[in-house]
Amino acid sequence: MYLHLPEVPSPPVFPDALTADFLEAVRARLSAPQLALWTEFLSTSKSTSKQLVLFISTPRAAGGRSLIGVVFSAKDHQVQADQTVTPITVRRQTAAYMRERGGASLELLGKHVAVLGCGAVGSFVADTLASAGVGRLTLVDFDVFSEDNVFRHVLDERYVGFDKVWGLKIRLEQQYPGLKVDVTVKHAQDWLCQDVMADLDGVVLAIGSPTLERLLSRRFKMVQRPLPVVFTWLEAMDLGGHSVLTSTRGEGCLECLYRDEEGAQSLLPRTAFLEQNQRVTRNLTGCASVFVPYGALQARRTGLMAAEQLLGAITHGTKAPAYQFWVGAGTAAQAQGLKTTNWWRRAPSVLHAEATASVFGRACKHCRGHV
């Protein structure tokens, strides 16, 4: 039975045990309608001993309600005073309560973010956004989760053979109460051809394809309302990771990175850590194809950086473009004989604000005039 009382009698203090006296004190506080329910409740015991469960809620001084529960024995319509009265531990597992107590933001519960690309970096972006409190995610990826993804992805080997987005939907909705995940098994460019931007609060692209990301960057500039868009990618080996915050309105876009010191267009972004025209792929015996070695820890770090950058933009309404990065030791890259850029060598001593000014110091033709 469940009852609500304006005030609940104080239970005994440990090491004293809970007894039938507490139940009698509760009964003495019942209103006439509640007392009728209490009598009906005890009548279920009749001539045999029966265990009953009572829950009582009461107002909290700080607002809301507290809930307590006890298990006791009754016989012949009476509480058995000689039997044990056992308190019940009540755990509050509502989405709002667990979010607030767990450090997630209730303000983000109404936000909707799309993550395009759900590989290693994208999966950690989605997981970080969900754990931070974002209430709705749209995940877009055409790929299937395979055995070579396991150690650098949020999903585990049970999801091998699943579409990545469906695996993440199951995993994230189970872990984060109140989260809604929409999935689209499509290429990002096909998803953008639909009318999908109306209710979004932000977008993260973790596709790992510079050509496609530059194309999508131009499409985002056609959106008629301000919307934060983060592009993030991971360098091979242990060189580092990047995250670029732009907006659908205003100057600053991904194309701004593809210029040299004089502002002329370039095929290599100014932010690259690895020199171009180098072979970075590896092959393993029994492997069906070559692959690019990206580290698991590096993927986590890059995904966290990108998610934090987007959350900052959503929370504070940031519209100015920004470039963030982290620089790895480069030990694995150097062991393989790979050549790094001058920017990789300089980056550890450069502030993010200085790097942002260098990249977005002057608007390129693709973002000029988008106010």
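The values are calculated or read from the model by the stated rules, or taken from the named source; none is laboratory data. No experiment lies behind these values; they were computed from the predicted model shown. As a convention, Cβ positions derive from the backbone with ideal geometry for all residues, glycine included, and neighbour counts pool all protein chains shown. For accessibility, only protein heavy atoms count, side chains too; no ligands or nucleic acids. Shrake-Rupley method; radii C 1.70, N 1.55, O 1.52, S 1.80 Å.
What the table below lists for this structure:
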quantity: Number of the condition not met by A299 [criteria: (1) modelled with pLDDT of 90 or more; (2) surrounded by fewer than 22 Cβ atoms within 10 Å (Cβ to Cβ); (3) more than 24 Å from S358 (Cα to Cα)]; calculated: (2)
quantity: Candidates V85, V125 - the one that is open to solvent by less than 30 Å² (accessible area, probe 1.4 Å), closer than 20 Å to L168 by Cβ and at pLDDT 85 or above; calculated: V125
quantity: Test: residue in the stretch 51-70 that is more than 44 Å from the chain's Cα centre (by Cα) and under 17 Å from V85 (Cβ atoms); calculated: no
quantity: All positions within the stretch 298-323 that are at negative phi and out of contact with any Gly (no Cβ under 9 Å at 6 or more places or on another chain); calculated: R300, L304, A307, E308, Q309, G312, T315, H316, Y323
quantity: Matching option when the condition is of a type in the set (A, V, I, L, M, F, W, C), farther than 30 Å from V140 by Cβ and at pLDDT 85 or above, among A62, A28; calculated: A28
quantity: Leading residue by the ranking (surrounded by the most Cβ atoms within 10 Å (Cβ to Cβ)) among those in the stretch 232-249 that are in contact with a Pro (Cβ under 7 Å, 6 or more places away or on another chain) and under 21 Å from I314 (Cβ atoms); calculated: T246
quantity: Selection within the stretch 303-336 - in contact with a helix residue (DSSP H, G or I) (Cβ under 6 Å, 6 or more places away or on another chain), within 27 Å of R362 (Cβ to Cβ) and part of a helix (DSSP H, G or I); calculated: A306
quantity: The stretch 27-39 residues that are assigned to a helix (DSSP H, G or I), paired with ones that are among the charged types (D, E, K, R) and at pLDDT below 95 (beta carbon under 8 Å, 6 or more apart); calculated: L35/R27; W38/R27
quantity: Of all residues in the stretch 217-231 being aliphatic (A, V, I, L, M) and farther than 10 Å from L200 by Cβ, the one that is most open to solvent (accessible area, probe 1.4 Å); calculated: M222
quantity: Test: residue in the stretch 67-78 that is of a type in the set (D, E, K, R), open to solvent by 30 Å² or more (accessible area, probe 1.4 Å), without any contact (Cβ under 8 Å) to a residue 24 or more places away in the chain and not in a strand (DSSP E or B); calculated: no
quantity: Every pair of residues 6+ apart whose Cβ atoms lie under 6 Å, when the first sits in the stretch 3-26 and is under 19 Å from T84 (Cβ atoms) while the second is open to solvent by 30 Å² or more (accessible area, probe 1.4 Å) and among the β-branched types (V, I, T); calculated: A20/V79; L23/V79
quantity: Single unsatisfied condition, V160 versus (1) in contact with a Phe, Trp or Tyr (Cβ under 9 Å, 6 or more places away or on another chain); (2) surrounded by fewer than 16 Cβ atoms within 10 Å (Cβ to Cβ); (3) modelled with pLDDT under 95; calculated: (3)
quantity: Among residues of the stretch 85-102, those that are assigned to a loop (DSSP other than H, G, I, E, B) and touching a residue at least 40 places away in the same chain (Cβ under 8 Å), counted; calculated: 3
quantity: Qualifying residue in the stretch 104-114 (condition: over 13 Å from the mean Cα position of the chain (by Cα) and closer than 17 Å to W166 by Cβ); calculated: no
quantity: Some residue of the stretch 170-177 being in a loop (DSSP other than H, G, I, E, B), at pLDDT below 95 and either open to solvent by less than 20 Å² (accessible area, probe 1.4 Å) or farther than 24 Å from L108 by Cα (or both); calculated: no
quantity: Checklist (1) open to solvent by 30 Å² or more (accessible area, probe 1.4 Å); (2) at pLDDT 85 or above; (3) under 30 Å from D182 (Cα atoms) applied to V113, failing item; calculated: (1)
quantity: Top-ranked residue of the stretch 185-216 - restricted to ones that are among the β-branched types (V, I, T) and free of Cβ contacts under 8 Å to residues at least 60 places away in the same chain, ranked as surrounded by the fewest Cβ atoms within 10 Å (Cβ to Cβ); calculated: T211
quantity: Enumeration of residues in the stretch 40-66 that are in a strand (DSSP E or B) and open to solvent by less than 30 Å² (accessible area, probe 1.4 Å); calculated: L52, L54, I56, S57, T58
quantity: Yes/no for Q83 being closer than 16 Å to E24 by Cβ and in contact with a Phe, Trp or Tyr (Cβ under 8 Å, 6 or more places away or on another chain); calculated: yes
quantity: Some residue of the stretch 264-274 being free of Cβ contacts under 8 Å to residues at least 60 places away in the same chain, open to solvent by less than 20 Å² (accessible area, probe 1.4 Å) and either outside any loop (DSSP other than H, G, I, E, B) or not polar (S, T, N, Q) (or both); calculated: no
